[in-house]
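Beneath this line is the structure, given in structure tokens, with notes to follow.
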Amino acid sequence: MSDVKNPFEDMMKMAQDMAKSFNPALETFSPKGFEAAWPTMPKDMMEMFFGNTFNKDGLDAKTRLLLTLAGLTMQGAQNDVALRQTVRHLVEVGARKQEIIEAIGQMSMFAGVPAMTRAMQLAQDVMEDKEEKDT
């Protein structure tokens, strides 16, 4: 056996040390905390920014967000925060659970089953949290 360090671990350690030197508060930074601080936009705001308000014949916010969800799944569902946020926004604009599941499921043919499974787990967690809050 060798004592060779993982280069990724070294790179992460250097990045953490650098962030700490720039701002000591970054030592306790948590992506989950950042996600909690980022609110879900109201449906009307999403329709204005991402929907067809400025392009009357364009895609509505729900369709754009379904495409975003598909793209995040295609990337291997690696960005947990973005994927969960997109599902929250989809629920806000009125996407049904079945539509969200189908958008992710469709990507299994292109992104592979592991990416689809990961995205499905993240989406399910968000939708279950929403159902619990609604009851």
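The values are calculated or read from the model by the stated rules, or taken from the named source; none is laboratory data. Worth saying up front: this structure is predicted, and the values here are computed from it rather than measured. Glycine also receives a Cβ, built like all others from the backbone with ideal geometry; neighbour counts cover every protein chain displayed.
Take the range 98-119 and flag every residue that is of a type in the set (A, V, I, L, M, F, W, C) and farther than 20 Å from THR40 by Cβ.
MET107, MET109, PHE110, ALA111, VAL113, ALA115, MET116
Restricted to the range 79-97, and to residues there that are in contact (Cβ under 8 Å) with a residue 40 or more places away in the chain and not aliphatic (A, V, I, L, M), the residue that is farthest from GLU47 (Cα to Cα) is ASP80. Selection of the range 29-45 for residues being at pLDDT 70 or above and not in a loop (DSSP other than H, G, I, E, B) yields LYS43, ASP44, MET45. Scanning the range 49-87 for residues that are modelled with pLDDT of 95 or more and part of a loop (DSSP other than H, G, I, E, B) yields a total of 0.
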